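Before any comments, here is the structure.
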Amino acid sequence: MAAIKTNAMRILDAKNIKYKHYEYDPETTDGVKVAELLHEPREIVFKTLVTVAPSKNNYVFVIPVGESLDLKKAAKTVSEKSVAMIKQKELLPLTGYIHGGCSPVGMKKQFKTFIHESARDIDTFCISAGHVGNQIQVSVNDIAELIGAGFADLIC
């Protein structure tokens with residue numbers, strides 16, 4: 001059986017961006033447990049969170065799996081009064097991804113994205129490959145450049 005090729009992976013291939021693909025049990029949804037399954041430190045495994053502001057603008061934040069998004073810091077980063085997590089049912093129509101398989105690469109629309117500043121201290125990190133049970137380890141700088149992401153203090 002051939003390995004899955006996700007939209008995010010196809011985009012990286014088209015841009016000649018190298019990555020390592022991991023597959024794991026899709027029943028595993030806890031990010032810290034995913035890091036254990038990948039045999040990677042949880043500090044380099046990141047999750048992708050999608051928010052909405054009162055302005056109706058959506059923003060994407062990519063943070064380590066063991067951390068929580070500080071909504072006040074996130075709002076300040078994007079110059080909004082506040083941001084809130086979008087409802088789970090809104091994720092697929094908005095991004096093309098489902099909960100547990102949301103990648104910052106290959107969303108239906110490229111939203112303003114920020115990666116937690118700790119990623120500046122590492123060469124590669126693991127992010128969702130865009131399908132539950134699949135992760136990719138890729139250069140932080142390559143992803144930031146590809147999606148036009150900034151870096152900010154985003155966690156509690």
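The values are calculated or read from the model by the stated rules, or taken from the named source; none is laboratory data. Remember, it's a predicted structure, so these values are computed and weren't measured experimentally. No Cβ is skipped: glycine too gets one built from the backbone with ideal geometry, and neighbour counts run over all protein chains shown.
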Original post:
Here are Glu27, Glu36, Glu40: which of them is among the charged types (D, E, K, R), assigned to a loop (DSSP other than H, G, I, E, B) and under 25 Å from Ile155 (Cβ atoms)?
Top reply: Glu40
**OP:** Please determine, by comparing only the residues of segment 43-57 that are among the hydroxyl-bearing types (Ser, Thr, Tyr) and in a strand (DSSP E or B), which one is farthest from the chain's Cα centre (by Cα).
**Re:** Thr51
Subject >> Residue selected from segment 82-99 under the condition touching a helix residue (DSSP H, G or I) at 6+ places or on another chain (Cβ under 6 Å) and modelled with pLDDT of 95 or more, by the criterion nearest to Thr6 (Cα to Cα) >> reply: Val83
**OP:** Please name all residue pairs, on different chains or six or more residues apart, with Cβ atoms under 8 Å, provided the first residue is in segment 28-45 and is without any contact (Cβ under 8 Å) to a residue 12 or more places away in the chain and the second residue is assigned to a helix (DSSP H, G or I) and small (Gly, Ala, Ser).
**Re:** Pro41/Ala35
**OP:** Could you tell me whether Ile98 is touching a residue at least 40 places away in the same chain (Cβ under 8 Å) and aliphatic (A, V, I, L, M)?
**Re:** no
**OP:** Could you tell me which residue of segment 106-140 is surrounded by the fewest Cβ atoms within 10 Å (Cβ to Cβ), considering only residues that are of a type in the set (A, V, I, L, M, F, W, C) and in contact with a Gly (Cβ under 7 Å, 6 or more places away or on another chain)?
**Re:** Val132
